[in-house]
1. Can you pull out every residue in region 17-61 that is of a type in the set (F, W, Y) and either loosely packed, with under 10 Cβ neighbours inside 10 Å or assigned to a loop (DSSP other than H, G, I, E, B) (or both)?
2. Please enumerate the residues belonging to region 9-23 that are of a type in the set (D, E, K, R) and either modelled with pLDDT of 90 or more or closer than 27 Å to K59 by Cα (or both).
Amino acid sequence: MIKHEWRKKEKSIYLAKTKPVMIDVPEFKFITIKGNGSPEDSMFNDCISVLYSVAYTIKMTLKKLANPPKEGLL
């Protein structure tokens, strides 16, 4: 699987500028959790654990595919 090099491909979005500039950010798909509260709360830790498990499973599944999709790489 080809590694997605965001520093090269989305350089204009992620790297710091010397002056403030307006940029157009394309639509991205992310896995997120919603909620509020303190990171010290046990619910936060539970959500992070699930988020990590899902992201890791997706990443490993994509690595096993013979023809991985061009989008959706983690």
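1. Initial filter on region 17-61 (of a type in the set (F, W, Y)): 28, 30, 44, 52, 56.
If the condition is that a residue be of a type in the set (F, W, Y) and either loosely packed, with under 10 Cβ neighbours inside 10 Å or assigned to a loop (DSSP other than H, G, I, E, B) (or both), then F28, F30 are the ones that fit.
2. Our first condition is that a residue be of a type in the set (D, E, K, R); within region 9-23, this holds for 9-11, 17, 19.
K9, E10, K11, K19 - these are the residues of region 9-23 that are of a type in the set (D, E, K, R) and either modelled with pLDDT of 90 or more or closer than 27 Å to K59 by Cα (or both).
The values are calculated or read from the model by the stated rules, or taken from the named source; none is laboratory data. Remember, predicted model here, so these are calculated numbers, not experimental data. As a convention, Cβ positions derive from the backbone with ideal geometry for all residues, glycine included, and neighbour counts pool all protein chains shown.
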